[in-house]
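What follows is one structure encoded as structure tokens, with my remarks underneath.
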Amino acid sequence: MYHHPAFIVLAFIVGLIATRKQEKIFRYIAIFMPIAALISIYIMPPQVIFDLFKTEIIWDGSFYNKLIGFAFCIVLIAANLYSIGQNKKLEIILGSAYAASSLLCLFAGDFLSLFIGLELMMLFSSSIIFIGEGRFSIRSAKKYFITHFTSSSLILLGIVHIISKSKSLTLISITSLMSNPEYSNVVLIMMLIGLLINIAAFPFSGWMVNYYQNASTSGFIYLISFTTKLSLLLILKLFSGLLALKYVGIMMILYASIKAILENNILKLLCYLSIMAMGLMLMGISIGSFVAINSVIYYLFIHILYKASLSLCTASVIDSIGIIDCSDLKKISNNTIVLSSIISIAMMISLPGTSALQIKSAISHLFSGDVFYLAPILLSLITVYSLPWKNCFKKHVANQRILLNNYTQASLILMSFVLICVGLFGSKLLFLTNGTTFDYPVMFSFDSLKQLIIISLGFYLALKYKIKKFHTESINLIEWFGKIFLQLHSWWFSKSNEDPPITESWSIDSLEHQISTKLTVIHNQKTAIFIVFIVFLTTLITLLLLA
């Protein structure tokens, strides 16, 4: 009998909890767990169907799902290694559970498994932010949870509508349903908005940029590796070929580009760069052709790997010398971090000679002869320009010496090795490419020259002209709606209450203080009313759809 990789990870998590006081056994389990999941993904059959309480549950072991599953497991190995080095046992347990939920959702061939996986991801990712070391971690966890609670409610509405009409739980293309008069386009668009919230599309980007930074550095590595990437794949599965996604992708690139140029916080900068890449892939999804889908899948695979590697390098710098701003960065005196950063950045900026350029060029050429062809060029230019090159090349500045533990070095070396293999020999790794290659004829000699010019221009501008950077705040429309709702609630009830309304205090110093005296930050009357209001609307619309 075949065992789902998500269930394998969950079984190992039980072992982690049981052996949390036994250092060596705990570490062995944390390292071997993603390897076991990786093996399970490799031997997974194309499809597994079984009945659960007279409900047909489907596990989809298609090539695309396996490819992204490989990336998730590799990232989990590296993240666990790093967390072991930082002695972050709780992050390992919650991060592994978060990864297991992502795998459950990834291989879901039915809407029930899909929704359960999304809900579990919401709970575990909120918990990772909650246990963060920042003073605003609890407030961020609360807002993060409410944002994704709202998005999951929108997704649930779409799922209920589709199931009520099709009488089946099997995942189907929703793009084709939009031309079917039996289905409500309004409800299907609401479902799409829920998924767009999950990929941090404009104007919902704030949940990723503003809240991820308040997790611990170990927690940040887990957080940036799963939710947005998985949600993008879900959009590809459900809404491939929807032309409107092209305009959403453009808005993501433009918005994140402006923010990336101005952002000084390294963690936020990584989030903005991730949003820009998501926008490019969303543009590819809007085309929906065979070449577009292949290119987006491969680029997503590479994006997961290089983003995790960059996050590991950033976390190593922050944990070692406490620098979180680009303006404070100087020359790093650690060969492992420098080499890993160079390899990761080379993949991110699609350096000529790498598979990243080939795949990115394939996406770009989907828009040849169109004004949208400028978007990938802008993305490459801003990516190079926004990186803190000038700080790292300052003369007469003492190097910042960093000492890494063995586990951190192992995680960085692992990701560097994987990126080198995929970047230079991706087309030769047939088990990753399903027997296909990355070679798209005719275009790459010109594209290599063009990319070199873009990279050189961005590098020159970064060294020649330096824009003053500061800490930016990203827009989260769900948070704005929440504030408006709470203001209306306070105004409505202030008429009948003589005492002034009690406001929430966000001054949080320690976990003990949070638990003992600041529980209103986690849950209060206004928050409860807002959540109940969302539940009421979701239930009401669901009942109307089923009527």
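Bear in mind these aren't lab numbers, they're just calculated from the coordinates by the rules spelled out. Remember, predicted model here, so these are calculated numbers, not experimental data. Positions of Cβ are generated from backbone atoms using ideal geometry, with glycine treated the same way; all protein chains shown enter the neighbour counts.
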Where labels lie 7 Å past Cα in the beta-carbon direction, separation of residue 452 and residue 164 in nm: 6.0 nm
D (Stokes-Einstein, µm²/s), Kirkwood Cα radius, the stretch 231-329, 1.567 mPa s at 4 °C: 89 µm²/s
Sites residue 42 and residue 290, calculated FRET efficiency, Cβ-Cβ separation with R0 25 Å, nearest 0.05: 0.55
Net lengthening on full extension, residue 327/residue 180 (0.36 nm per residue, minus Cα-Cα): 47.5 nm
Cα-based Kirkwood hydrodynamic radius, the stretch 16-161, one decimal, Å: 16.7 Å
Residue 7/residue 417 FRET efficiency (R0 35 Å; Cβ-Cβ; nearest 0.05): 0.75
For the stretch 327-415, size of Cβ-based charge dipole, Lys and Arg +1, Asp and Glu -1, in debye: 460 debye
Principal axis dimensions, largest first and in whole angstrom, of the stretch 5-464 by Cα: 70, 61, 43
Amide proton proximity set for residue 88, modelled H, under 5 Å, gap of 5+: none
Charge dipole magnitude, Cβ of K and R +1, D and E -1 - the stretch 5-464, Cα centre, debye nearest 20: 1080 debye
Extension reserve of the residue 466-residue 51 stretch, reckoned as 0.36 nm per residue once the Cα distance is removed: 143.3 nm
Under 15 Å, Cβ to Cβ, from residue 338 - net charge with Lys/Arg +1 and Asp/Glu -1: +3
The stretch 246-311 versus the stretch 137-196: alpha-carbon centroid distance in Å: 22 Å
14 Å beta-carbon shell around residue 314, net charge (K/R +1, D/E -1): -2
Amide H within-cut-off set for residue 108, under 5 Å, with H built and near neighbours excluded: 60
Chain lengthening between residue 473 and residue 318 when straightened (0.36 nm per residue, less Cα-Cα): 53.7 nm
For residue 400, distant residues with modelled amide H under 5 Å away: 331, 332, 333
Neighbour net charge for residue 199 - beta-carbon separation under 14 angstrom, K R +1, D E -1: +3
